[in-house]
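K.L.:
Quick one: the structure is below, questions incoming.
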Amino acid sequence: MSQKFAGVKGMNDLLPPHIETWQFVEAQARQAFAAYGYSEIRTPIVEDTALFVRSVGEVTDIVTKEMYTFEDKGGRSITMRPENTAPAVRAYIEHGFAQVEPLTRWFYLGPMFRYERMKTGRYRQFYQIGCEAFGAADPAQDVEVISVGQQFLKRLGVTDVVLHLNSLGDHTTRPAYTAALTRYFEPFAAVMSEDAKITLAKNPMRLLDSKEEALQEPISRAPAILDFIDDASKAHFDEVRRLLDGLGLAHAIDRRLVRGLDYYTRTTFEFIYQPQGENALGTAGTVCGGGRYDRLVKELGGPDKPAVGFAMGLDRLVLLLEALGKREASRPMLFVVTMDGPVRDHAIKLVMALRNQGLAVDFDPRGGKVKRQVERASHVRARYLFVYGDAEHQGGQVRLKDMDLPEDHPKKEQQVALAELARWLTTPGTHP
Ligand code: AMP
């Protein structure tokens, strides 16, 4: 009895041709981070559950509703990482980087897991590229992090993004602001769901992210944290803005930007996709979110080290690039049509030799009718094609056909010596 399976809901297979867009985005990220002196880290997919409860925050959506948590065979509570900042901090502390590397700058790239309600661009296994810079409290570090994000998006050709910026102040700001929010939201308790009432009691800041219909109007008029921040945080924020201006990095102050994770202090920011004309994607929205988290390293048992970072959603970036038509799938440079019989061995040998020189060359291992092989060549969108038969083998010449040119073009077919083929295909200018 055979059984047919489907992938787990919310978890996607990344397949050709889309995988090429993924690879392009990843390659650009590696280059952008290398230019800024960030090294890659890879942490395990699973961590101790308590790590996320402690860092992301007990009353956040991620921790209360979205984590893939299970008990392993040793009875430990394990969670599939919903984000990579807490694991990075854990690794930073565990391996004593604060002692050996006063400025530690890392980036990561990989799958994250959140049991979320799905829609376009929101999945249960999704991918993030992110970075974390430990050890510098200076506004210049915030700006460096923001700037690497912006540079990376620019490399991808995504320029219709707006940088939103806010400050959450220091550890004294949150209690004062929380008290003000509690006073503000209490009169609305009557229209709140039970869930929202719990949030109001435990962490009223999270109410600002609430999607509840009845709360939208009160949320829009709620006090803003920026009016509660301490003087030092205010000066930090002003300096970040001044440095951004100096680099020509336009930004908008977003007083509602408090972010869905509890560990942020001072600067928070998002890059939001806002195309000039029609929105090609509809819901891409936030492509990057980050901020400063100066207290997290200490809270997780490490030394008192400031840090700032961001995470970008790769799934959304890939959707965006594909919607914008920014990427063209790669294609073979050449397709060799083989003839059945002894000459076929020579054709296959040539294909392999050209491939070993790094050229993308294809053929049909099934052999058979020329017509079907030519169809195969157009299907894989090969640029050039020729038939390798006895005449070609003996004469040492092939008739190379440019599949991109119209039939009546004078350069549609060109005579090239077999011995010259590799050089002809790789020398710029020999072919259009
Ligand atoms: P966060 O870690 O929630 O700050 O999210 C950072 C970025 O990751 C977001 O701006 C999104 O681009 C992306 N992201 C978060 N959750 C998902 C998800 N469930 N599916 C796809 N992308 C996501």
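K.L.:
Tell me which trypsin sites (Lys or Arg not before Pro) from region 28-106 have a DSSP coil assignment and no more than 10 other beta carbons within 10 Å of their own. Walk me through the numbers on the way to the answer.
P.N.:
Values: sites: Arg30, Arg42, Arg54, Lys65, Lys73, Arg76, Arg90, Arg105; in loops: Arg42, Lys73, Arg76.
Qualifying residues, ordered by number: Lys73.
K.L.:
Among the lysines, which have Cα under 24 Å from the Cα of Lys298 when same-chain residues fewer than 8 positions away are ignored?
P.N.:
Straight-line reach from Lys298, under 24 Å: Lys202, Lys234.
K.L.:
Can you give me the relative contact order of region 334-426 as a percent, contacts being Cα pairs under 8 Å and 6 or more apart? Please report the intermediate quantities before stating the final value.
P.N.:
Numbers: 127 pairs, mean separation 26.2, N = 93.
Normalised by residue count, the contact order of region 334-426 is 28 percent.
K.L.:
Please work out the C-alpha center-to-center distance from region 156-210 to region 216-247 and express it in whole Å.
P.N.:
Rounded to whole Å, the Cα centres lie 14 Å apart.
K.L.:
Something else: Taking other Cβ within 10 Å of each residue's Cβ, how do Trp106, Trp424 sort, fewest first?
P.N.:
Numbers: Trp106 22, Trp424 15.
Fewest-to-most ranking of Trp106, Trp424: Trp424, Trp106.
K.L.:
At a 10 Å Cβ-Cβ cut-off, how would you order His409, His18, fewest neighbours first?
P.N.:
Values: His409 11, His18 16.
Lowest count first: His409, His18.
K.L.:
Apply the Karplus parameterisation 6.51 cos²θ - 1.76 cosθ + 1.60, with θ equal to phi minus 60°, to every residue of region 106-121 and state each ³J(HN,Hα) to the nearest whole Hz, in sequence, with x for glycine and proline.
P.N.:
10, 10, 9, 7, x, x, 10, 10, 9, 7, 10, 6, 8, 7, 4, x
K.L.:
Got the relative contact order for the chain handy, in percent, Cα pairs under 8 Å and 6 or more residues apart?
P.N.:
Details: 692 pairs, mean separation 65.8, N = 432.
Relative contact order here is 15 percent.
K.L.:
Further question: For an R0 of 60 angstrom, estimate the FRET efficiency from the Cβ-Cβ distance between Gln31 and Ala179 and round to the nearest 0.05. It would help to have the intermediate numbers written out before the result.
P.N.:
Working: r = 46 Å, r/R0 = 0.77.
The formula returns an efficiency of 0.80 here.
K.L.:
Taking the chain as a Gaussian network, Cα atoms linked when under 10 Å apart, which of Asp195, Asp61, Asp294 shows the biggest mean-square fluctuation?
P.N.:
With Cα springs under 10 Å in the chain, the top fluctuation among Asp195, Asp61, Asp294 is at Asp195.
K.L.:
Suppose the chain between Glu407 and Ala323 were pulled fully straight at 0.36 nm per residue; how much longer would it get relative to their current alpha carbon spacing? Mind dumping the intermediate values first?
P.N.:
Values: separation 84, 0.36 × 84 = 30.24 nm, distance 3.18 nm.
Net length gain for the segment: 27.1 nm.
K.L.:
Now, a different point. Using +1 on the beta carbon of Lys and Arg, -1 on that of Asp and Glu, and nothing else charged, what's the dipole of the chain about the Cα centre, debye to 20? Show your work: numbers first, answer last.
P.N.:
Numbers: 55 positive and 57 negative charges, 201 e Å.
Using only the charged Cβ atoms, the result is roughly 960 debye.
K.L.:
Taking a temperature of 10 °C and a viscosity of 1.306 mPa s, what whole-number D in µm²/s does Stokes-Einstein yield for the chain with Rh from Kirkwood over alpha carbon pairs?
P.N.:
Numbers: Rh = 25.4 Å.
Estimated diffusion coefficient is 63 µm²/s.
K.L.:
Additional query: So what's the back-of-envelope 222 nm ellipticity for the chain, counting only DSSP H runs of four-plus at -39500 (n - 2.57) apiece and dividing by all residues, rounded to 500? Walk me through the numbers before you get to the answer.
P.N.:
Details: 15 runs with 155 residues, N = 432.
Theoretical 222 nm ellipticity from helices: -10500 deg cm²/dmol.
K.L.:
Extending each Cα 7 Å along its Cβ direction at Val370 and Lys4, get the distance between those two points in nm, one decimal.
P.N.:
The two pseudo-label positions are separated by 4.1 nm.
K.L.:
Considering only DSSP states other than H, G, I, E and B, which GluC sites (Glu not before Pro) in region 185-285 qualify as loop sites with at most 10 other Cβ atoms within 10 Å?
P.N.:
Values: sites: Glu194, Glu212, Glu213, Glu239, Glu270, Glu278; in loops: Glu212, Glu278.
Passing both the DSSP loop test and the Cβ count: Glu278.
K.L.:
Less than 17 Å apart at the alpha-carbon level, and either on another chain or at least 8 residues along: which aspartates and glutamates does that give for Lys411?
P.N.:
Answer for Lys411, where 17 Å is the Cα cut-off: Asp402, listed by chain and number.
K.L.:
Which residue fluctuates most in the GNM of the chain (Cα springs below 10 Å): Arg259, Arg114, Arg355?
P.N.:
Of Arg259, Arg114, Arg355, the most mobile in the Gaussian network model is Arg355.
K.L.:
Multiply the residue gap between Ile45 and Asp195 by 0.36 nm, knock off their C-alpha separation, and tell me the result in nm, one decimal place.
P.N.:
Details: separation 150, 0.36 × 150 = 54.00 nm, distance 2.98 nm.
The Ile45-Asp195 span can extend by a further 51.0 nm.
K.L.:
Another question, then. Cut-off 10 angstrom, C-alpha nodes, Gaussian network model of the chain. Which of Met339, Met112, Met80 fluctuates the most?
P.N.:
Maximum among the listed residues: Met339.
K.L.:
Sort out for me the Cα centre separation of region 33-83 from region 359-398, rounded to whole Å.
P.N.:
51 Å
K.L.:
Now for a different question. Answer with one residue from Tyr68, Gly169, Ile129: the one whose Cα lies farthest towards the positive end of the charge dipole of region 12-171, charges on Cβ with Lys, Arg +1 and Asp, Glu -1.
P.N.:
Tyr68
K.L.:
What share of Cα pairs, in percent, lie more than 20 angstrom apart in region 334-426? Mind dumping the intermediate values first?
P.N.:
On the way: 1261 of 4278 pairs.
Percentage above 20 Å: 29.
K.L.:
Let me ask you something else. Cross-link partners among aspartates and glutamates for Lys369, C-alpha distance below 16 Å, same-chain residues fewer than 8 apart left out?
P.N.:
Asp340, Asp390
K.L.:
Something else now. Please give me, ordered by residue number, the GluC sites (Glu not before Pro) of region 286-337 that lie in loop per DSSP and have at most 14 other Cβ atoms within 10 Å. Before the final figure, lay out the partial values.
P.N.:
Numbers: sites: Glu299, Glu322, Glu328; in loops: Glu328.
Answer by residue number: Glu328.
K.L.:
Something else about it: How large is the convex hull of the C-alpha atoms of region 55-167 per residue, in Å³? Don't skip to the end; give the middle numbers.
P.N.:
Values: hull volume 17.9 nm³, N = 113.
Taking the convex hull of the Cα positions in region 55-167, it is 158 Å³ per residue.
No lab work stands behind these numbers, since they all come straight from the coordinates. The structure presented is a predicted model; accordingly, all values stated were derived computationally and were not measured. Because the Cβ atoms are built from the backbone with ideal geometry, glycine has one as well, and the counts that use them run over all protein chains shown.
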